[in-house]
1. Report yes if some residue within segment 76-86 is modelled with pLDDT of 95 or more, hydroxyl-bearing (Ser, Thr, Tyr) and open to solvent by less than 40 Å² (accessible area, probe 1.4 Å); otherwise report no.
2. Considering only segment 37-57, state which residues are under 16 Å from Asn10 (Cβ atoms), touching a strand residue (DSSP E or B) at 6+ places or on another chain (Cβ under 7 Å) and free of Cβ contacts under 8 Å to residues at least 40 places away in the same chain.
3. Got a sec? Which of Arg31, Arg52 is buried (at least 17 other Cβ atoms within 10 Å of the Cβ) and either out of contact with any Pro (no Cβ under 6 Å at 6 or more places or on another chain) or within 17 Å of Leu83 (Cβ to Cβ) (or both)?
4. Which of the residues that make up segment 62-88 are hydroxyl-bearing (Ser, Thr, Tyr) and under 18 Å from Gly43 (Cα atoms)?
5. Evaluate segment 79-99: report whether one residue or more is free of Cβ contacts under 8 Å to residues at least 60 places away in the same chain, outside any strand (DSSP E or B) and closer than 22 Å to Asn10 by Cα.
6. For segment 15-57, give me the residue count where each residue is more than 18 Å from Val111 (Cβ to Cβ), more than 16 Å from ligand 1 (Cβ to nearest atom) and in a strand (DSSP E or B).
7. Checking the structure you have, find out if any residue of segment 86-93 is β-branched (Val, Ile, Thr) and either within 13 Å of ligand 1 (Cβ to nearest atom) or over 30 Å from Trp117 (Cα atoms) (or both).
Amino acid sequence: MITGRCECGNVQYQIDGEITDYSHCHCSQCRRMHGAAFASFAGVVRRQFKYRSGESDLTVYNSSKSHKRVFCRVCGSNIRVDLSDYPDELYIAMGTMNDNPKLPPGYHIYVGSKAPWFEITDNLPRYHEEPQDD
Ligand SMILES: [Zn+2]
Ligand SMILES: [Zn+2]
């Protein structure tokens, strides 16, 4: 089991399963919302995720028609992103995880929007926007 929490500790969650997808997003929305060069997300199966506490402290920001960003309104920690195109999955902000979970191979997305002051120095796959599923 994987557990995580927001900075103030009000919001606690658990995942009864493995991470299925691991990505670093360089889009300008993630950069602003995470206050960082990029945001790292773990894809998990939605039905394996549950909150242990703090659900009443969650706030949702719709950053686009398809993206709902869920964060703690007390401390501002980003918890997850829900994508309407992937209703069976959730994307959890990796920085909120307590543990060091086993990860699938990572990759970078939206490198076309990367901050000019940050250089990617690893050899992970890079996608200008998102990888195409087919
Ligand atoms: Zn919090
Ligand atoms: Zn992003």
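1. yes
2. Residues of segment 37-57 under 16 Å from Asn10 (Cβ atoms): 50-57.
Then drop every residue that is not touching a strand residue (DSSP E or B) at 6+ places or on another chain (Cβ under 7 Å), which leaves 50-54, 57.
The one that is under 16 Å from Asn10 (Cβ atoms), touching a strand residue (DSSP E or B) at 6+ places or on another chain (Cβ under 7 Å) and free of Cβ contacts under 8 Å to residues at least 40 places away in the same chain: Lys50.
3. Numbers: Arg52 fails: buried (at least 17 other Cβ atoms within 10 Å of the Cβ).
Among Arg31, Arg52, only Arg31 is buried (at least 17 other Cβ atoms within 10 Å of the Cβ) and either out of contact with any Pro (no Cβ under 6 Å at 6 or more places or on another chain) or within 17 Å of Leu83 (Cβ to Cβ) (or both).
4. Taking segment 62-88 first, the residues hydroxyl-bearing (Ser, Thr, Tyr) are 63-64, 66, 77, 84, 86.
Answer for segment 62-88, where residues must be hydroxyl-bearing (Ser, Thr, Tyr) and under 18 Å from Gly43 (Cα atoms): Ser66, Ser77, Ser84, Tyr86.
5. No: segment 79-99 contains no residue that is free of Cβ contacts under 8 Å to residues at least 60 places away in the same chain, outside any strand (DSSP E or B) and closer than 22 Å to Asn10 by Cα.
6. Adding up the residues that qualify gives 7.
7. Filtering segment 86-93 down to residues β-branched (Val, Ile, Thr) leaves 92.
Narrowing further to those that are either within 13 Å of ligand 1 (Cβ to nearest atom) or over 30 Å from Trp117 (Cα atoms) (or both): none.
No, segment 86-93 contains no residue that is β-branched (Val, Ile, Thr) and either within 13 Å of ligand 1 (Cβ to nearest atom) or over 30 Å from Trp117 (Cα atoms) (or both).
The values are calculated or read from the model by the stated rules, or taken from the named source; none is laboratory data. Everything quoted here is computed from the prediction, not taken from an experiment. Counting neighbours? That spans all protein chains shown, and the Cβs are built from the backbone with ideal geometry, glycine included. Just the protein is used for accessible areas: all its heavy atoms, side chains included, with ligands, DNA and RNA removed. Shrake-Rupley method; radii C 1.70, N 1.55, O 1.52, S 1.80 Å.
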